[in-house]
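The values are calculated or read from the model by the stated rules, or taken from the named source; none is laboratory data. What you see is a predicted model; the values in this text were computed from it and never measured. Counting neighbours? That spans all protein chains shown, and the Cβs are built from the backbone with ideal geometry, glycine included. In case anyone asks, the SASA skips ligands and DNA or RNA and just uses the protein heavy atoms, side chains included. Shrake-Rupley method; radii C 1.70, N 1.55, O 1.52, S 1.80 Å.
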Amino acid sequence: MLELKFKTVNFFATNDYSQFNFFEFNRPIDKNHVNKLAKSMKKRGFTGALIVIRTATVDGIEKLYILDG
């Protein structure tokens, strides 16, 4: 049986979005969709979570990459 082990999950908040990177396979940003999300968040608050990993496997430099969100 395959046993998976994961590091402890940490939660944090930031307004410094420049620290996040995107993988080449991430879909392009759709400004219309972003505007709809922003409007919804202003009205209802943020109800989701970003899934982010810290890895150096892309270019040998440890960075934060957005996987989902």
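Results, tabulated for the structure shown:
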read-out: Estimated [θ] at 222 nm from DSSP helical runs (n ≥ 4, -39500 (n - 2.57)) normalised by residues in the chain, nearest 500; value: -6500 deg cm²/dmol
read-out: Inter-label distance for PHE22 and ASN35, nm, one decimal - labels placed 7 Å from Cα along Cα-to-Cβ; value: 1.8 nm
read-out: Calculated from backbone phi, Karplus (6.51, -1.76, 1.60) coupling profile of segment 55-67 in Hz, x at Gly/Pro; value: 8, 10, 6, 6, 9, x, 10, 5, 9, 8, 10, 7, 8
read-out: Listed residues PHE11, VAL58, GLY45: farthest to the positive end of the dipole of the chain (Cβ charges); value: GLY45
read-out: The chain, dipole about Cα centre (Lys/Arg Cβ +1, Asp/Glu Cβ -1), debye to the nearest 20; value: 520 debye
read-out: Pairwise FRET efficiency - ILE61 versus ASN10, Cβ, R0 = 22 Å, nearest 0.05; value: 0.65
read-out: Accessible area expressed per residue, segment 25-67, with surrounding protein chains retained (probe 1.4 Å, Å²); value: 90 Å²
read-out: Kirkwood-based shape ratio for segment 1-64, expressed as Rg/Rh from alpha carbons; value: 1.03
read-out: Sequence-distant aspartates and glutamates (8 or more away, or on other chains) whose Cα lies within less than 16 Å of LYS63; value: ASP16, GLU24
read-out: Distant-in-sequence amide H partners of ASN21 (H built 1.01 Å from N, under 5 Å); value: LEU64, TYR65, ILE66
read-out: Between 0 and 90°, nearest 10: helix 31-44 axis offset from the chain longest Cα axis; value: 80 degrees
read-out: The chain, accessible surface, carbon-and-sulfur percent (1.4 angstrom probe); value: 56 percent
read-out: For VAL52, residues with placed amide H under 5 Å, excluding near neighbours; value: LEU67
